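The values are calculated or read from the model by the stated rules, or taken from the named source; none is laboratory data. Worth saying up front: this structure is predicted, and the values here are computed from it rather than measured. All Cβ positions, glycine included, derive from the backbone under ideal geometry; neighbour counts span all protein chains shown.
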C-alpha cells in the first residue's frame, strides 16, 4: 500500500510515464541526430559542427554518449558549450557542480588543458557559482594558524602567499576541481588566483541567482517558457474560428470518417513543404516542433535529459498536430502545407487537443448516466474541467471494481494528459497504448467504450 497518493498523481499528471508502451511510434519529424563524429574528421568539420543549433547538438551528443564524442568537444564554439551547460548541469533548476565536472572531465580527456579553457570561456557567474561552494582560500597568517592535519589538506599557490582547500566529500568533484586548478596553473596563474579568491569570498548563491536569470532568458529562446505560459498549450480554442478561416464545413469531428490513409497527413504535408517552402521556412517549421515539445516538457515538469520522455512528448506533439491538420485540410497535402506555413504547430496542437477534449466530454456524459452503483463521483467532472488529470486517472483506478479492468484502462488512456488508444491485445494479456494521432482513430475509441459500457465488463 502506498503511504501517499501524491507521487502517483504527479506521474499521472505528466502524461508520459505511467502508460505502457511497446515502442515509441515512428514520427514524421525525428529528434535531431547528426553524424558529428564523422564531421569531426572532415576538413570543414569544425564549421559544420558550429553551425548546429545548440539543442540539436546537445541531443546528438546525449544520444551518442559524451565518451564516444571526445573528438567533437574541442570543436564547439563558446556559445555552444555555454548552452550545453544550460541544458545539462541544472537539475531541479540548481547548478550542479557534479554535472559540470562531468563535462569538464570529458573535455580534458579530449585534449589536455581543455577543461580549464572551456571553464574560463563560461560566464564569470558560471565560474564563481560552480567553485564558491567548495573553495576556501587562506593567506599566510591564516595558514599558519591551521593544525598540522588541516595544513595537510590545503595546497599552496605559486609564491606561497595564498593556499587553497577543496571542501567536498565527493571524490569525483575533488579530482575534477583539482585537475581544473592544475590546468589553470599551467595556462594563466594570475587569472586562476583571482578566480579562486572571488569564488571563496563571494556571498553564497549570489552568482548562481544572477546566472539562473541569464540562463532562463537563453532557455526561453528554445521554447522553455515559464510554467504558466506552458499551461496555455492545454487551453482549448474555438474550432469554428479556424474551420471558418480554412473553409471547413463540419466542425463536430471534422472529416473523421474521410481520413482513410494509414499514412500521416503531416508526413505528406512536410514532403510538399520541401518543394514549395523556402529552406528557411521548412527549417523553421521543424524547429517549432522541437520548441513546442520543450514547452510541454516544462508543463509536465520533465527534464530535458530524460530522452525517453522527450521522445514520447515529441510523438504526442506530432500526433495532435497531425489531427489539427486533418481537421482543417480535409486530407489535402497541398492545403495542409499552406496551413502549416501560416498556422504555428502550437495552434494545430491545440486544435487536436480541443477535438479530443470534446470526445472526453461526451464520454463523461455517458459515465454520468451509468446506474448509481457504477457511477463515478461527481468530482471527476470537476477534476477534468480543471485539467487535473492525476486526480481523474486516480478516480478511475479507485473505481476499477465498478468499471472493470478493461474499461478502466481504456478510459485512463483516453483521459491521459496526452490521450492514448489501446493497441491490439498482446499474448501476455497486458494492455499497451499508443498516442492518438489521427481523426480516423476516434470512431474506434468511441465504439470500444460504448461496447464496454453496454456489453462488456459492466454486465
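The rows are residues; the columns are (1) assigned by TED's automatic domain parsing to the domain that holds residue 123; (2) touching a residue at least 12 places away in the same chain (Cβ under 8 Å); (3) surrounded by 20 or more Cβ atoms within 10 Å (Cβ to Cβ); (4) not in a helix (DSSP H, G or I).
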residue	(1), (2), (3), (4)
47	yes, no, no, no
55	yes, yes, yes, no
62	yes, yes, no, no
74	yes, yes, no, no
85	yes, yes, yes, no
Selection status of residue 38, in a helix (DSSP H, G or I), out of contact with any strand residue (DSSP E or B) (no Cβ under 6 Å at 6 or more places or on another chain), outside the structural domain of residue 418 (by TED's automatic domain parsing) and farther than 22 Å from residue 219 by Cβ:
yes
When you check residue 445 against the structure, is it part of a helix (DSSP H, G or I), in contact with a strand residue (DSSP E or B) (Cβ under 8 Å, 6 or more places away or on another chain), within 19 Å of residue 15 (Cβ to Cβ) and in contact (Cβ under 8 Å) with a residue 24 or more places away in the chain, yes or no?
yes
Within region 1-19, does at least one residue satisfy the condition of being within 24 Å of residue 224 (Cβ to Cβ), modelled with pLDDT of 90 or more and surrounded by 20 or more Cβ atoms within 10 Å (Cβ to Cβ)?
no
Matching residues, region 87-112, being assigned to a loop (DSSP other than H, G, I, E, B), crowded, with 17+ Cβ neighbours inside 10 Å and in contact (Cβ under 8 Å) with a residue 40 or more places away in the chain
90, 95
Selection from region 152-174 of residues free of Cβ contacts under 8 Å to residues at least 24 places away in the same chain and out of contact with any strand residue (DSSP E or B) (no Cβ under 8 Å at 6 or more places or on another chain) yields 152, 159, 160, 169, 171
Test each condition in (1) in contact with a helix residue (DSSP H, G or I) (Cβ under 7 Å, 6 or more places away or on another chain); (2) modelled with pLDDT under 95; (3) closer than 30 Å to residue 174 by Cβ for residue 92 and report the one that comes out false.
(1)
Across region 300-325, which residue is surrounded by the fewest Cβ atoms within 10 Å (Cβ to Cβ) among those that are farther than 30 Å from residue 335 by Cβ and touching a helix residue (DSSP H, G or I) at 6+ places or on another chain (Cβ under 7 Å)?
301
Just to be sure, is residue 209 outside any loop (DSSP other than H, G, I, E, B) and at pLDDT below 95?
yes
Is it true that residue 115 is surrounded by fewer than 18 Cβ atoms within 10 Å (Cβ to Cβ) and either at pLDDT below 95 or closer than 21 Å to residue 183 by Cβ (or both)?
no
Among the residues of region 371-383, the number that are more than 18 Å from residue 403 (Cα to Cα) and touching a helix residue (DSSP H, G or I) at 6+ places or on another chain (Cβ under 7 Å) is 1
For region 225-246, name all the residues that are more than 23 Å from residue 291 (Cβ to Cβ) and in a helix (DSSP H, G or I).
239, 240, 241, 243, 244, 245
Residue by residue through region 121-135, note down the ones that are touching a strand residue (DSSP E or B) at 6+ places or on another chain (Cβ under 8 Å) and closer than 20 Å to residue 190 by Cβ.
135
